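J.: Just passing along the structure, written as structure tokens.
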Amino acid sequence: MTDHKAFLERLISTVIKEGGSDLHLSEGRHPSIRVSGDLVPLQKEAVLTKEDTLGLLSELLTEEEKEDFLTNKEKDFSYSYGNEARLRCNAFFQGGNISVALRLIPRVIKSIEDLNLPPILNSFSERNQGFFLVVGPVGQGKSTTLASMLENINVNRSEHILTIEDPIEYIFDQKKSIIDQREVGIDTKSFTGALNRMFRQDINVAMIGEMRDRNTIETAVTAAETGHLIFSTLHTNNASQTIDRIIDSFDSLEQVQIRAQLASSLMGVFSQRLVKRISGGMIPAYELLINNKAVANLIRESRTHEIDGLIEISSDLGMMSMERSLANLVQKGEVTLEEARIHSLNPALLDKLL
């Protein structure tokens, strides 16, 4: 195989055509794509050789980036496929061989409604300040949800929006808002450094790709308190765990202060899972915590273990538990009970709701 560019484009085109989400390239294996959560080997394509993986990597990376990868043995980066899509990529070594995982990021940013997400999410994009988190395991659509929320601002408001990402995923076309997108390692050295500089850049809205450490969390919460609208993600399972993770990032002497800050600045926490749909494809199930006086008191008084129960009894206020969301999908015939149980954090409660 010599034309690695044409080969790469054919593989990416296959992912798009099949409605896939990921492409996996590994020496000694057929290229594989993930469709509706399942990995599917492309048996019609030849098993990749060392020459193939190096050739494909040369198409994905610049010479400087390739040298950095070969030195450090792993690398996060993005790749643009014409005007159709971008891919978030990670290259790594396994068993001495090169592998690359590529996540498809569609060029068109869908609306909250098109993503089958609750319309109430748009209300958080309409705020002038506060802190909103989208959480969940890797690959559950967090970046897509945040992009949709930012696009809602971009379409409807004249604001200065900053994104800090590693790497940049969705590319925004400026509409009513000014949007600056900074990539860690290229445009800035760190999330924290970019966040600190934000205060001198006349920013209204910021999206931080991931809350990675105490400094990032502290700066983000402070920014939300000082008149900014802040969005970010965490790899946590639900709202109560998210709040505990944030608070546990600080030492015991600082936890009283961060609890007070979080109680006043947090707008909400949205946890989502992509669930296999009976009709094909994926559909989101979600938990939504909306901060109100009762929630703020639980955060301030170190009673976050009570948040799950409060969400369950506050559906009339717009909140939603993961189990109720899954039960609704089962009752509507969107997903099977077996699939719902796989994603449930409390199967006994799920069964009770059904």
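J.: Net charge near LEU345: determine it from the other residues with C-beta under 10 Å of the C-beta of LEU345, scoring Lys and Arg +1 and Asp and Glu -1.
T.: -2
J.: Let me ask another. First measure r as the distance between the Cβ atoms of ASP244 and VAL47, then evaluate 1/(1 + (r/R0)^6) with R0 = 35 Å and state the FRET efficiency to the nearest 0.05.
T.: It comes out at approximately 0.15.
J.: Step by step: find N for segment 63-173, compute 2.2 N^0.38 Å, then divide the Cα radius of gyration by it. What's the final number?
T.: 1.26
J.: At ILE313 and HIS30, where each label point lies 7 Å from the Cα along Cα→Cβ, what is the point-to-point distance in nanometres?
T.: Calculated label separation equals 5.4 nm.
J.: Please give the contour-minus-distance gain from GLU67 to PHE92: 0.36 nm per residue of separation, less the Cα-Cα distance, rounded to one decimal in nm.
T.: Computed gain between GLU67 and PHE92 is 7.7 nm.
J.: Please build a GNM for the chain, connecting alpha carbons under 10 Å apart, and tell me which residue among GLY227, GLY281, GLY95 fluctuates the most.
T.: Most flexible of the set in this elastic network: GLY95.
J.: Restricting to Cα pairs below 8 Å that are 6+ residues apart, what does the relative contact order work out to for the chain? Please round to a whole percent.
T.: RCO, the chain: 12 percent.
J.: Counting pairs of alpha carbon atoms under 8 Å apart in space and at least six apart in sequence, what relative contact order in percent does segment 220-354 give?
T.: 21
J.: Another question, if that's okay. Starting from the Kirkwood radius over alpha-carbon pairs of segment 276-354, derive D by Stokes-Einstein at 20 °C in a medium of 1.002 mPa s and give it in µm² s⁻¹.
T.: In µm²/s, the coefficient rounds to 160.
J.: What helices in the chain pass both tests, a Cα length along the helix axis of 20 Å or more and a mean Kyte hydropathy of -0.5 or higher, using whole DSSP H runs?
T.: Qualifying helices: 142-156.
J.: SER158 to GLN129: FRET efficiency via 1/(1 + (r/R0)^6), r the Cβ-Cβ distance, R0 22 Å, to the nearest 0.05?
T.: With a Förster radius of 22 Å, E is 0.85.
J.: Fully extended, how many nm does the chain gain between ASP213 and GLU74 (0.36 nm per residue separation, minus their Cα-Cα distance)?
T.: Full extension from ASP213 to GLU74 adds 48.0 nm.
J.: Moving on to the next point. Hey, in the GNM for the chain with a 10 angstrom Cα cutoff, which one of SER271, SER125, SER13 fluctuates hardest?
T.: Its mean-square fluctuation being the largest, the pick is SER13.
J.: Rounded to the nearest 5, what % of the DSSP beta bridges within segment 121-353 are antiparallel ones?
T.: In segment 121-353, DSSP labels about 30 percent of beta bridges as antiparallel.
J.: Let me ask another. Say the cut-off is 32 Å between C-alpha atoms; which of LYS110/LYS189; LYS75/LYS276; LYS276/LYS352; LYS176/LYS276 go over it?
T.: In this structure, LYS176/LYS276 lie more than 32 Å apart at Cα.
Only the coordinates and a few stated rules stand behind these numbers; no lab work does. Remember, it's a predicted structure, so these values are computed and weren't measured experimentally. Using ideal geometry, Cβ is built from the backbone for each residue, glycine included, and neighbour counts are taken over all protein chains shown.
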